[in-house]
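A quick write-up on the structure given underneath.
The values are calculated or read from the model by the stated rules, or taken from the named source; none is laboratory data. Just so it is clear, the structure is predicted and the values come from calculations on it, not from any experiment. Here the Cβ positions follow ideal geometry from the backbone for every residue, glycine too, while neighbour counts run over all protein chains shown.
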C-alpha cells in the first residue's frame with residue numbers, strides 16, 4: 001500500500017507545486033509542495049522598514065512530500081539543473097553553481113543514489129525522514145515516509161478534511177481533539193491556555209504563513225507561531241506537519257505531561273523560528289520527529305517570567321537540521337532552580353550551525369543528570385557563517401565558512417550580554433549566581449565530516465571561579481569511523497571542571 005499526501009485545488013487558490021522536482025514513487029507521480037527555507041544564516045531583526053519581518057530575498061524554495069507505505073519505495077527524481085528560487089548571495093567566491101553530487105541524508109541510512117544527468121534514483125526500505133540534496137544544503141527535497149497508521153477521526157471535536165482551511169487562531173480548550181486529515185492544509189495557529197487532556201493529530205499541514213510577528217521576543221502570545229501552549233497538561237501532538245511560523249514554531253510554557261510523536265517541522269525561515277521550545281516544562285517526551293529550524297531546533301529554557309524547574313525530558317529517534325543556532329540545546333535561559341533527568345538519544349543531526357550538542361547555563365540553574373547518547377552528527381563542506389542582522393545591509397559571507405562546535409558545555413551569563421539586558425530588572429542584573437553543570441554524559445557520538453572539513457571544536461568550560469562543573473564524561477566518539485581518545489584529536493578545551501573523563 002502506498003498513499004500520497006495531496007492537497008485538492010480550490011479555484012483561484014491552489015497550494016503551489018514545487019518547480020524544482022518531479023518525483024515518481026514505484027512508477028506513480030507523487031505531488032511535491034513548497035517549503036520555504038532560509039538561504040543564508042542571517043538572523044535578528046530588520047530594524048529598517050518592516051520591523052521583525054525577514055526579507056523574503058533571504059530565503060529560498062525547498063520542497064517536501066509525504067507518503068504512507070508498507071512496502072519498499074523506489075524513487076525516480078527529476079530535478080532542475082539550477083534551482084528556480086535561490087538568492088545570488090549564496091553563490092560566493094569561485095562557487096558559481098550549487099550543483100553537487102546528490103546525496104540522501106541521514107548518511108547513516110546508507111541510501112545510495114544513482115545519477116544520470118538531472119535524474120536520480122534511490123530506494124527507501126523503511127519509514128523515516130530522508131533528505132535528497134542535489135544542490136548541497138540548498139533547495140533540498142524533504143521526503144517524509146510514514147508507516148500506515150489509523151487515527152480515530154470519529155472522536156475529533158474539530159475536524160479538518162482534505163482541502164484548504166483558513167482558520168486564523170484556533171483556541172483550544174480542555175478535552176479538545178483536533179484532527180487534520182490527509183490532504184488538509186490549515187492556515188492558522190493553535191493556542192491554548194490552562195487546557196488539559198488535549199490531542200492534536202493527523203496527517204495534515206498547519207501553516208502559519210499569514211501571521212505577522214509584532215514583538216521582539218517570543219515568550220508572550222502576541223505572536224502565536226504554529227502551536228503555543230501555556231500551563232497545559234496531558235497534551236499529545238502526533239503526525240502533523242508544521243510550516244512557516246512567524247517566530248518560535250512549537251512552544252510550551254509551564255506545561256506538564258506532553259507527548260510529541262512523528263511531527264514534521266519544515267519551511268521555517270523567518271527570524272527566530274526555533275523548532276520545539278520547552279519553557280519551564282516537566283515530563284515531556286519527543287520522539288520520531290523531524291525538525292528543520294532557523295534557530296535552535298529543540299531547546300529547553302526557563303525564564304524569570306515563568307515558574308517551575310525543567311525536569312524529566314526525553315528526546316529520541318529524531319532527525320534534525322539547524323540552519324542557525326544550536327541543534328539540541330539546554331539553555332541559554334536557565335532561570336530556575338534545576339534542570340534534571342534530561343536525555344537525548346538516537347538522533348540524526350544532518351546539518352548544524354553554531355553547535356550540535358549544547359548545554360548552556362545562561363542564568364543560575366543547577367544543570368544535572370543530562371545525557372546525549374547514540375548521536376550521528378554530520379558536518380558538510382562550505383557551510384556559510386552565521387551573522388546577526390542589525391540593519392538593511394545584505395548578507396555577505398566575506399569568504400568565510402561556518403565552523404560549528406560538536407559539544408558545547410558552558411555558562412555564559414545572559415546578564416552580561418548587551419543583547420539580553422533589556423529582559424532583566426536592575427536587581428536581576430546584579431545577581432551574582434551563575435549556572436553549573438554536573439553529571440553530564442556524551443556517549444556513542446558518531447561524527448561524519450565531508451571531505452575538506454576540519455575537526456569541529458568542543459569545549460567544556462565554566463567561565464566563573466567558584467562555579468566549577470563536575471563529573472562530565474565523553475565516551476566513544478568516532479570521526480568517520482575512527483575512535484577518538486585524545487583531547488587534542490577531539491579539538492577539546494576544558495576549564496574549571498572537576499572529574500572530567502574522555503574514554
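Exactly one residue out of 143, 169 is within 28 Å of residue 255 (Cα to Cα), within 24 Å of the chain's Cα centre (by Cα), touching a residue at least 40 places away in the same chain (Cβ under 8 Å) and not in a loop (DSSP other than H, G, I, E, B): that is 169.
Checked against the criterion of being loosely packed, with under 13 Cβ neighbours inside 10 Å and not assigned by TED's automatic domain parsing to the domain that holds residue 304, the candidates 121, 133, 126 yield just one match: 126.
Residue by residue, here is whether (1) in contact (Cβ under 8 Å) with a residue 60 or more places away in the chain; (2) at negative phi; (3) in contact with a strand residue (DSSP E or B) (Cβ under 9 Å, 6 or more places away or on another chain); (4) not assigned by TED's automatic domain parsing to the domain that holds residue 137 holds:
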{"site": "343", "(1), (2), (3), (4)": "no, yes, yes, yes"}
{"site": "347", "(1), (2), (3), (4)": "no, yes, yes, yes"}
{"site": "353", "(1), (2), (3), (4)": "yes, yes, yes, yes"}
{"site": "369", "(1), (2), (3), (4)": "yes, no, yes, yes"}
{"site": "373", "(1), (2), (3), (4)": "yes, yes, yes, yes"}
{"site": "376", "(1), (2), (3), (4)": "yes, yes, yes, yes"}
{"site": "401", "(1), (2), (3), (4)": "no, yes, no, yes"}
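The set of residues in region 60-73 that are within 27 Å of residue 202 (Cβ to Cβ) and part of a strand (DSSP E or B) comprises 61, 62, 63, 64, 65, 66, 67, 68, 69, 73. Scanning region 385-399 for residues that are surrounded by 13 or more Cβ atoms within 10 Å (Cβ to Cβ) and either free of Cβ contacts under 8 Å to residues at least 24 places away in the same chain or touching a helix residue (DSSP H, G or I) at 6+ places or on another chain (Cβ under 7 Å) (or both) yields 394, 395. Residues of region 200-216 that are more than 19 Å from residue 243 (Cα to Cα) and part of a strand (DSSP E or B): none at all.
Being without any contact (Cβ under 8 Å) to a residue 60 or more places away in the chain and not in a strand (DSSP E or B) holds for only one residue in 154, 121, and it is 154. For region 462-486, residues that are part of a strand (DSSP E or B) and crowded, with 19+ Cβ neighbours inside 10 Å total 6. The residues on offer are 447, 473, and the sole one that is under 24 Å from the mean Cα position of the chain (by Cα), farther than 17 Å from residue 366 by Cβ and either modelled with pLDDT of 95 or more or not assigned by TED's automatic domain parsing to the domain that holds residue 342 (or both) is 447.
Residue 219 - would you say it is within 27 Å of residue 421 (Cβ to Cβ), crowded, with 23+ Cβ neighbours inside 10 Å and in contact (Cβ under 8 Å) with a residue 40 or more places away in the chain? No, not satisfied. Restricting attention to region 208-217, the residues that are under 25 Å from residue 281 (Cα atoms) and touching a strand residue (DSSP E or B) at 6+ places or on another chain (Cβ under 7 Å) add up to 1. Among the criteria (1) touching a residue at least 24 places away in the same chain (Cβ under 8 Å); (2) part of a strand (DSSP E or B), the one residue 149 does not fulfil is (2). Considered as a group, the residues in region 3-13 that are loosely packed, with under 14 Cβ neighbours inside 10 Å and under 30 Å from residue 70 (Cβ atoms) include one that is modelled with the highest pLDDT, and that residue is 8. Within region 431-449, restricting attention to residues that are touching a residue at least 24 places away in the same chain (Cβ under 8 Å) and assigned to a loop (DSSP other than H, G, I, E, B), which residue is farthest from residue 351 (Cα to Cα)? Looking at residues that are touching a residue at least 24 places away in the same chain (Cβ under 8 Å) and assigned to a loop (DSSP other than H, G, I, E, B), I get 431.
Residue count for region 191-200 under the criterion of being under 21 Å from the mean Cα position of the chain (by Cα) and surrounded by fewer than 23 Cβ atoms within 10 Å (Cβ to Cβ): the result is 1. Taking the numbered list (1) in contact with a helix residue (DSSP H, G or I) (Cβ under 7 Å, 6 or more places away or on another chain); (2) modelled with pLDDT of 95 or more in turn, residue 170 passes all entries but (1). For residue 178, the stated conditions hold: it is assigned to a strand (DSSP E or B), buried (at least 21 other Cβ atoms within 10 Å of the Cβ) and not assigned by TED's automatic domain parsing to the domain that holds residue 100. Among the residues of this structure, residue 214 does not count as one that is closer than 23 Å to residue 303 by Cβ and modelled with pLDDT of 95 or more. Restrict the check to region 90-99 and report whether at least one residue is modelled with pLDDT under 95 and in contact with a strand residue (DSSP E or B) (Cβ under 7 Å, 6 or more places away or on another chain). The answer is yes; a qualifying residue exists. Tally time: how many residues in region 270-296 are part of a loop (DSSP other than H, G, I, E, B) and within 21 Å of residue 332 (Cα to Cα)? Of the residues in that region, 9 qualify.
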